[in-house]
Every structure is written in C-alpha cells, then in structure tokens.
Amino acid sequence: MYIPEQFREEDVGVLQDHMQRFNFATLVTQENGSMIASHLPFVLERNAGPYGALRAHLAKKNPQYEHLQSGSEALVIFQGPHAYISPTWYANQRNVPTWNYAVVHAYGTPRLLGDAELIELLAKLVQEHERPAPQGWEFDPEQPWIGHMLRAIAGFEIPITNLQGKFKLNQNRTPEDRRGVIETLLLSEDSLTREVAKLMRVSGVHND
C-alpha cells in the first residue's frame, strides 16, 4: 500500500483497535496467478506475536480454502470510516477535492485450525456479536444440526507478520483547513462520516 509519511500510522495499539472496530474485512489470497477475495468477520488475538493473529472461517467449497493450504501469503484489508472532502470546506479554497479515510492492511501466512480451535473461534464470534441483544442466540456445537454445518466450514489463523496503517486525515493541511473540514463533517447525518471528523481530531493532536 502506498503510504505518504504524513499519513502513516505505526502505533500497533491504534491499528489493533481499528481491526477490532471494523472486523468485517476482506481476505485476499492468490495461487498460480489466480486472485480471490472473500468478505469475512475476523477475531483478533491481540497478544499473539508482535502484531497479533487473525482468525476467521469460510466454506470449504470456497476456492480460497485451497489457497489457505498452499503456504502463500494472504492479505486482510480492514476498511474504516471514509468521507469525501470538498475544497469549499478549507480556509484556502485553491485546492481540489479529496477523500479522507482510515485503512489497515495485515499480512501473514494462513494455517488451518483444528476442530476444537474452530469451535472456540465460532463461540467468540457469537459471543461478541450477540452481546448487544437482550436475549442473544447461543452457540451449541453439540446440536446435531450444528455439527452437520460445522463439517462444511474451515477455520484458519493468520499470524500477522506485517501490519500497515494509512490514516489519511488532512494531516498535510493547515490547522484552519482541518477545522473547516471537521466542523462540516460533524454536521453529517451519516455516523461513519462523523467518525472521520473524530479521527481527524485525534490525529490533529500530533500533527497540528
């Protein structure tokens, strides 16, 4: 990923927070010149190695199941909030439109999980995403119909060997320009657009 220095985010804690917040990510693999992407929910094991490890599952009928066994490197893309930026929001309007966004790329070589590890992964996913519900659904792998479905999927883990963060948030603009963008974004009815403004405020602590 092309990352100009002013947009580079290297704080591992910040990058891990981003991956957990936007855990429905894109898995990209390739084998023999064939490239495939799948969109999957991931669980981050923060303390596994220097950058953590990612766990997810997919259908065994998915061609990526074969890719996961090839020993080749995989890429997982965590796309965060993003927003169009109009030059009319700057104090200096002699500029062109741009796009502000935050994204994290995680690289590593996948390994398949065993049956017990797959069940542990699914239990974590369900627990995490059922938590807000008043009466959440319970995952019971002992149910025969669930056991039947488990045989059709495969779990995998990607120990992260390279972690890249690009938080493009107008760090190359003046404090006056940034304030104009933040104030405009905060007026949006879209929650992700407002979240871009909040990220700009945090990044501004270090860059303004």
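The values are calculated or read from the model by the stated rules, or taken from the named source; none is laboratory data. Please read all numbers here as calculations on a predicted model, not as lab measurements. Glycine also receives a Cβ, built like all others from the backbone with ideal geometry; neighbour counts cover every protein chain displayed. The accessibility values were calculated without ligands, DNA or RNA, using every heavy atom of the protein model including side chains. Shrake-Rupley method; radii C 1.70, N 1.55, O 1.52, S 1.80 Å.
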(message) As an exercise: evaluate Ala91 against (1) surrounded by fewer than 18 Cβ atoms within 10 Å (Cβ to Cβ); (2) of a type outside the set (S, T, N, Q); (3) in contact with a Lys or Arg (Cβ under 6 Å, 6 or more places away or on another chain) and give the number of the one condition it does not meet.
(response) (3)
(message) Among the residues of the range 135-143, are any within 23 Å of Phe22 (Cβ to Cβ), touching a residue at least 40 places away in the same chain (Cβ under 8 Å) and not aliphatic (A, V, I, L, M)?
(response) no
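Yes or no: Thr193 surrounded by fewer than 19 Cβ atoms within 10 Å (Cβ to Cβ), farther than 28 Å from Gln64 by Cβ and touching a strand residue (DSSP E or B) at 6+ places or on another chain (Cβ under 9 Å)?
Working: surrounded by fewer than 19 Cβ atoms within 10 Å (Cβ to Cβ): yes; farther than 28 Å from Gln64 by Cβ: yes; touching a strand residue (DSSP E or B) at 6+ places or on another chain (Cβ under 9 Å): yes.
It is true that Thr193 is surrounded by fewer than 19 Cβ atoms within 10 Å (Cβ to Cβ), farther than 28 Å from Gln64 by Cβ and touching a strand residue (DSSP E or B) at 6+ places or on another chain (Cβ under 9 Å).
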(message) For the structure I just gave you, tell me whether Met200 is under 26 Å from Ile85 (Cβ atoms) and in a helix (DSSP H, G or I).
(response) yes
(request) Could you tell me whether the range 28-48 includes any residue that is at pLDDT 95 or above and of a type in the set (D, E, K, R)? (result) yes
(message) If I filter the range 149-157 for residues that are surrounded by 19 or more Cβ atoms within 10 Å (Cβ to Cβ), touching a Phe, Trp or Tyr at 6+ places or on another chain (Cβ under 7 Å) and small (Gly, Ala, Ser), do I get at least one hit?
(response) yes
(request) State yes or no: is Ser70 in a loop (DSSP other than H, G, I, E, B), open to solvent by less than 80 Å² (accessible area, probe 1.4 Å) and under 24 Å from Ala152 (Cα atoms)? (result) yes
